[in-house]
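The values are calculated or read from the model by the stated rules, or taken from the named source; none is laboratory data. In this text the structure is predicted, and so the values were computed from the model without any measurement. Cβ placement follows ideal geometry from the backbone for every residue including glycine, while neighbour counts extend to all protein chains displayed.
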Amino acid sequence: MGIGLDAVTALSPVGDSRAGEVLRLRREISRMQRRRSEHPLLPLDPAFASLLPEEGLQTGAAYTVTSSPGLVLALLSAASQKGLWCAVVGMPTLGVEAAAGFGIDLERLILVPDPGERWLAVTSALSEVVPLIAVHPGTRMRDADASRLNARLRDRGCTLLVTESPATGIWPQSEGSIRIHDPHWHGLGAGWGLLSDCTVTVTAQTRRAPMPSSVQVRLPGSRGGVEALAADLSSLPARRDVTVFDNGTAAPPVDISRWAAAG
């Protein structure tokens, strides 16, 4: 049941055949007959749980995200592992092997690599039945078209991840943004070595939580996917012991890191 990878690889035609492919996609989607989600949130990978106050993506909302295949796959992974369908529209460089490395169920992944100018029609059709969609807009859209699509997202309980670019700008009526910055690759020496993993900072900001929240993760990690970074205890201040006398007063704190043990 549903649209497998083989069925959607043809959804990047040229010329007038695009209209026919969109109609075929609509017929396939109608067969899936997904009911509206009863859950207000879609799950996130535990490494991202502290980014959003609800620890999940709001259903029926759109988020603006950095145009990074790794970030897109990381945001899709938890929902896919829960058995939900996901779709990626307009990202021809996103690899199936990379998706599998993030733990995404390829049997429930719809890929529409190159919808051209019909990306909006494809996204709108998919939102009828797919709970989580990532899209890279091929063209700048009008505010009226964005309002209609946002209304459909709310009606169907579909969550949209929209990658930003200078050509398309920020998605209108976005619930929030999730962006990566400060990437640092590991594994290369002085002109030699292999890239092993990349440390990045991920920052989220939403309407409900206007103050930015950030986490550091490996994206990708050494085994693919996203990995949370362990707390760096070396950055904590030195331990200071406080002695309390019988009268309730405290002696000046002593920095024990400056003492050497005698034996």
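Only one of the numbered conditions (1) part of a loop (DSSP other than H, G, I, E, B); (2) among the β-branched types (Val, Ile, Thr); (3) at pLDDT 80 or above is violated by Ile180, and that is (1). Within segment 183-224, the set of residues being charged (D, E, K, R) and either at pLDDT below 85 or surrounded by fewer than 14 Cβ atoms within 10 Å (Cβ to Cβ) (or both) comprises Asp197, Arg207, Arg208, Arg223.
Filtered by the rule that a residue be closer than 25 Å to Ser68 by Cβ and not in a strand (DSSP E or B), segment 146-168 gives Ala146, Leu149, Asn150, Leu153, Cys158, Glu164, Ser165, Pro166, Ala167, Thr168.
Scanning segment 96-141 for residues that are aromatic (Phe, Trp, Tyr) and either part of a strand (DSSP E or B) or closer than 23 Å to Leu44 by Cβ (or both) yields a single hit, Phe102.
Residue pairs whose Cβ atoms lie under 7 Å apart, separated by 6 or more positions or on different chains, with the first residue in segment 45-65 and within 18 Å of Ser174 (Cβ to Cβ) and the second crowded, with 21+ Cβ neighbours inside 10 Å and modelled with pLDDT under 90, are Ala62/Trp171; Thr64/Trp171.
Could you check, for segment 154-170, whether at least one of its residues is modelled with pLDDT of 85 or more, more than 23 Å from Ala87 (Cα to Cα), of a type outside the set (Val, Ile, Thr) and touching a strand residue (DSSP E or B) at 6+ places or on another chain (Cβ under 9 Å)? For segment 154-170, residues modelled with pLDDT of 85 or more, more than 23 Å from Ala87 (Cα to Cα), of a type outside the set (Val, Ile, Thr) and touching a strand residue (DSSP E or B) at 6+ places or on another chain (Cβ under 9 Å): absent. Cβ-Cβ contacts under 7 Å between residues 6 or more apart (or on different chains), taken from a first residue in segment 162-184 that is without any contact (Cβ under 8 Å) to a residue 40 or more places away in the chain to a second residue that is surrounded by 12 or more Cβ atoms within 10 Å (Cβ to Cβ) and among the small types (Gly, Ala, Ser), are listed as Pro172/Ala146. With the requirement that a residue be in a loop (DSSP other than H, G, I, E, B) and aliphatic (A, V, I, L, M), what does segment 40-55 give you? Leu44, Ala49, Leu51, Leu52 - these are the residues of segment 40-55 that are in a loop (DSSP other than H, G, I, E, B) and aliphatic (A, V, I, L, M). Taking each residue of segment 121-144 that is surrounded by 19 or more Cβ atoms within 10 Å (Cβ to Cβ) and looking for partners that are basic (Lys, Arg) with beta-carbon atoms closer than 6 Å, six or more apart or interchain, yields Ala125/Arg26; Ser127/Arg152; Ser127/Arg156; Val129/Arg34.
Of the set (1) crowded, with 19+ Cβ neighbours inside 10 Å; (2) over 14 Å from the mean Cα position of the chain (by Cα); (3) over 19 Å from Val162 (Cα atoms); (4) modelled with pLDDT of 90 or more, all apply to Ile29 but (4).
Taken as a whole, the condition of being surrounded by fewer than 18 Cβ atoms within 10 Å (Cβ to Cβ), part of a helix (DSSP H, G or I) and not charged (D, E, K, R) does not apply to Ala79.
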